[in-house]
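The values are calculated or read from the model by the stated rules, or taken from the named source; none is laboratory data. Predicted, not measured: the structure shown is a model, and the values here were computed from it. All Cβ positions, even for glycine, are placed from backbone atoms using ideal geometry, and neighbour counts span all protein chains on display.
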């Protein structure tokens, strides 16, 4: 799926390091006024002006964070950038620049790397950020991606994880659990395909959740919406490791209790039906499934009228006294302690 | 050499991802006024003020860029940071912040990662930069390191690769070829050790060049010296891939000719004797050996009196008309075209 079958593929050796970087990044034009110098020197030069600078970095490893048997290279390039932009958004900031470094073994063709960089470019265009640096190097085995994202924010608008206050409302954007189930569906299809290579998967019923897995978006639109609504959250985090894990971060960093109501959780109908298909409780999917890249944040109760009509935002609970811990109130009325499943690759 | 033999070693699984990051970075204190928020949120927040921001990133892959059989983890952490700071210095800028991400397989012990981060910390302290982010993740095999460095520079002081002018003098800091020979010595000792594990290497005669390989420095002191001397280079690059390769970058980016005199090349006596030992021409070592992280730059002739007495700086040639290409003038008076060996890992 990453290769055009009718063309001779080119090996990376043909180009060499410097020509490879030039080749892969020549289609990138810088578009931001702050970019005084982009790719091509020892470093990039940026004009950061009077706003504060936000910086975030993530590393993605083949076989740990992605599987190339169902993740097309172009989607991978897009997603690698987006997961970093999501961290910038989680600071209530706007992303402006990224650097993208990859190491690949010589089993990767030039066409595969071109597709990866096309995805990087798609993300740069969609979010109006400039690619201003990176490194393209060899590896003995597999692919590793490292992205650093930079953004800007006014100091009075920056939102950390540690500002949640008792009686604040807990809000989440979009709906949850889809990306995790999309991964489950793709993994199941991969196994079926390995057993029977003639198998033709029908992913149409799973379109929404597969998209959530393969092409997630950073909620820059929510950062912009909150500004338009004149709402500054008291604390915010992006949901990369699952709602439970992120709620526990707010609990720990803000030193407050967190109460979430099961009946309030925003779930797409596909997530309910496919959870059933996999024998999963949809609530478990929502709490522990990662990679949705939605925003979880707390707001003052007096801001509630500003957000209540918005279909992108759901109040799922509230901030309580610290002794309350992190609780889920079940539909039955019972309470259960939130536990992080999170990421356990080691 | 990366393990203390008398202590029980701890596996990474014992800690888990979040605790691992906390554990490895807890000894890092932010020291710079610009660091409004360091590690521990979705992103770091930096105050960049009225200077311009410089950003550079590099990826280092085990088996390609480093070999853990003779590179101690603490040195590796130091070097991974320094090679990025060197890029910032090559813009005539001062480094201020770094992010460090690593992926490691479960053959790495916690003690090894602690040693790596101790080296990162050594570099942060030596160069007065703050570690403000990073990612620590699993890999299926081996170790990959990605570092992003940020720095500051006044717009009128920034130096690109493309500003060299005809008749400018070409200057290099320090001496060249040592890091490459240090690598050759370490590689030879590794092979001897593999053949005979009882072999006790005597590296004392090679101390200088082994240090150049294992613990390179970024020439921030040269950036500071140039400012004190009131010299702003017209073009500058750091020497990571060898003098020839970098001179060719200046030739290409500045669209000028570059003439280097063999007799002017700064060589440490150890580099001459060890080149002999390996049957190498010392000039070839100097031209093609990489990883010295010295600075190569061009200055106006009128600045010559300001730099001529400084033992850290050597005039090795001049900038000529473009048609001249990139030439080495041999001791014999003959001219030979400079060729890049550079990096050929693919």
### Query
Any residue at all in the stretch A:276-293 that is farther than 27 Å from residue A:181 by Cα, at pLDDT 95 or above and surrounded by 15 or more Cβ atoms within 10 Å (Cβ to Cβ)?
no
### Query
Any residue in the stretch A:157-164 that is away from every other protein chain (no Cβ under 11 Å), buried (at least 20 other Cβ atoms within 10 Å of the Cβ) and touching a helix residue (DSSP H, G or I) at 6+ places or on another chain (Cβ under 8 Å)?
yes
### Task
Could you tell me whether the stretch A:229-249 includes any residue that is without any contact (Cβ under 8 Å) to a residue 24 or more places away in the chain, farther than 28 Å from residue A:325 by Cα and over 22 Å from the mean Cα position of the chain (by Cα)?
no
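Each row is one residue, and each column tells you yes or no for (1) touching a strand residue (DSSP E or B) at 6+ places or on another chain (Cβ under 7 Å); (2) assigned to a strand (DSSP E or B).
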| residue | (1), (2) |
| --- | --- |
| B:189 | no, no |
| B:223 | yes, no |
| B:230 | no, no |
| B:244 | no, no |
| B:259 | yes, yes |
| B:266 | yes, no |
| B:274 | no, no |
### Query
When only residues in the stretch B:50-62 that are touching a strand residue (DSSP E or B) at 6+ places or on another chain (Cβ under 8 Å) and more than 7 Å from chain A (Cβ to nearest Cβ) count, which is surrounded by the fewest Cβ atoms within 10 Å (Cβ to Cβ)?
B:51
### Message
So if I check each of A:172, A:192, which one is over 21 Å from residue A:64 (Cβ atoms) and crowded, with 22+ Cβ neighbours inside 10 Å?
### Response
A:172
### Task
Among the residues of the stretch A:60-75, count how many are part of a strand (DSSP E or B) and on the phi > 0 side of the Ramachandran plot.
0
### Message
Which condition from (1) in contact with a strand residue (DSSP E or B) (Cβ under 7 Å, 6 or more places away or on another chain); (2) away from chain A (no Cβ under 14 Å); (3) under 26 Å from residue B:224 (Cβ atoms) is the one that residue B:297 breaks?
### Response
(2)
### Message
Condition (residue is more than 18 Å from residue A:295 (Cβ to Cβ), in a helix (DSSP H, G or I) and either without any contact (Cβ under 8 Å) to a residue 60 or more places away in the chain or within 14 Å of chain B (Cβ to nearest Cβ) (or both)) applied to the stretch A:130-152: is it met by at least one residue?
### Response
no
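Conditions (1) within 7 Å of chain B (Cβ to nearest Cβ); (2) in contact with a helix residue (DSSP H, G or I) (Cβ under 7 Å, 6 or more places away or on another chain), marked per residue:
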| residue | (1), (2) |
| --- | --- |
| A:42 | yes, yes |
| A:64 | yes, no |
| A:73 | no, yes |
| A:91 | yes, no |
| A:95 | no, yes |
#### Entry: Scope the stretch A:90-107; condition in a loop (DSSP other than H, G, I, E, B) and surrounded by 23 or more Cβ atoms within 10 Å (Cβ to Cβ); matching residues
A:90, A:91, A:92, A:93
### Message
Would you confirm whether or not the stretch A:76-89 contains a residue that is within 16 Å of the chain's Cα centre (by Cα), within 7 Å of chain B (Cβ to nearest Cβ), surrounded by 24 or more Cβ atoms within 10 Å (Cβ to Cβ) and in a loop (DSSP other than H, G, I, E, B)?
### Response
no
### In the stretch A:23-39, the residues that are within 11 Å of chain B (Cβ to nearest Cβ) and in a helix (DSSP H, G or I)
none
### Query
For residue A:180, are the conditions met, namely being crowded, with 22+ Cβ neighbours inside 10 Å, outside the structural domain of residue A:127 (by TED's automatic domain parsing) and assigned to a helix (DSSP H, G or I)?
yes
### Query
Among B:175, B:122, which is the only one that is in a helix (DSSP H, G or I) and away from every other protein chain (no Cβ under 14 Å)?
B:122
### Message
Going by what's in this entry, would residue A:326 be described as in contact (Cβ under 8 Å) with a residue 40 or more places away in the chain and over 18 Å from residue A:176 (Cα atoms)?
### Response
yes
### Query
Which condition does residue A:254 not pass, out of (1) surrounded by 22 or more Cβ atoms within 10 Å (Cβ to Cβ); (2) out of contact with any strand residue (DSSP E or B) (no Cβ under 8 Å at 6 or more places or on another chain); (3) within 14 Å of chain B (Cβ to nearest Cβ), if it passes all the others?
(2)
### Count of the stretch B:202-221 residues which are outside any helix (DSSP H, G or I) and without any contact (Cβ under 8 Å) to a residue 24 or more places away in the chain
2
